[in-house]
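A.B. asks: Take a look at the following structure, please.
The values are calculated or read from the model by the stated rules, or taken from the named source; none is laboratory data. Because the structure is predicted, anything quoted here is derived from the model rather than measured. Positions of Cβ are generated from backbone atoms using ideal geometry, with glycine treated the same way; all protein chains shown enter the neighbour counts.
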Amino acid sequence: MKSRTASFLFTMALAPLIAGCFTGERPHFDHDPFRAGTATGDPAIDAVLTRLDAVITGPATALYAVLTKFGNTTSSATVTLDGSRRAIEIGNVQFVENDSEQFTCTLDGSAPCASGINEARVSDVGITFDFYAADAARRLRRDAQAKVGPATASEEVIANQQATCVTVPVTGGSAIYCALANGMIAKLDDGDVLIVLGLLTPTVDPARLEPISP
């Protein structure tokens, strides 16, 4: 009887500890290997990532040509940055961040603006509205993990701008990333897209930072 009582008391004392293992707050670890600021250990790749990770506020206007390799289609893209305000145009779609507000619009005014950023509107182009920096950095980090040989550093002049570049050998070919000193992508050439900067100016047209209404 004493043995059974002792066993019962031991079980009751242990129960809260066991429950805590299942219901208590679990430790959290950030395992995202592609987040901004994560170094790859490859100097050539990290030199480009350091630029792409930089906070870009402008004022700046950048014009790009985008080739979507699946389907061999071309699109234009424009990035307008001015402090906390930015507007990204991809094809006929306009994304606007104006202080605390976000909108998705059409450049030709064929549809009313909608609140929020709807990236599905440009899914057929193969890029996101962050293509000019944050998304380019994420692509590069993915390729860094998938590389099949050493990366090669180089310098290029693109749209009259000096760019730091890296060529990453991956299965099926190579991916090329070039970044400007201001943190914007100058060229991205991978298996999905070719993005090339055509013009960069240190000015903005205020009208580009406003949502287009029909």
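A.B. asks: Can you confirm whether the stretch 73-83 contains a residue that is in contact with a Gly (Cβ under 6 Å, 6 or more places away or on another chain) and either surrounded by fewer than 17 Cβ atoms within 10 Å (Cβ to Cβ) or over 22 Å from LEU197 (Cα atoms) (or both)?
C.D. replies: no
A.B. asks: Quick one: how many residues across the stretch 106-140 are touching a strand residue (DSSP E or B) at 6+ places or on another chain (Cβ under 7 Å) and among the hydroxyl-bearing types (Ser, Thr, Tyr)?
C.D. replies: The number of residues fulfilling the criteria is 3.
A.B. asks: Does ARG85 meet the test of being among the charged types (D, E, K, R), touching an Asp or Glu at 6+ places or on another chain (Cβ under 7 Å) and either farther than 24 Å from LYS187 by Cβ or at pLDDT below 95 (or both)?
C.D. replies: When the stated conditions are applied, ARG85 passes them.
A.B. asks: Which one is farthest from the chain's Cα centre (by Cα), of the residues in the stretch 160-192 that are outside any strand (DSSP E or B) and not small (Gly, Ala, Ser)?
C.D. replies: ASN160
A.B. asks: While we're here: Going by what's in this entry, would ALA77 be described as modelled with pLDDT of 95 or more and either farther than 22 Å from ASN182 by Cβ or in contact with a Leu (Cβ under 6 Å, 6 or more places away or on another chain) (or both)?
C.D. replies: The answer is no for ALA77.
A.B. asks: In addition: Within the bounds of the stretch 91-110, is there any residue that is small (Gly, Ala, Ser) and modelled with pLDDT of 95 or more?
C.D. replies: yes
A.B. asks: Given the structure, is CYS178 farther than 23 Å from THR73 by Cα and in contact (Cβ under 8 Å) with a residue 60 or more places away in the chain?
C.D. replies: No: the conditions fail for CYS178.
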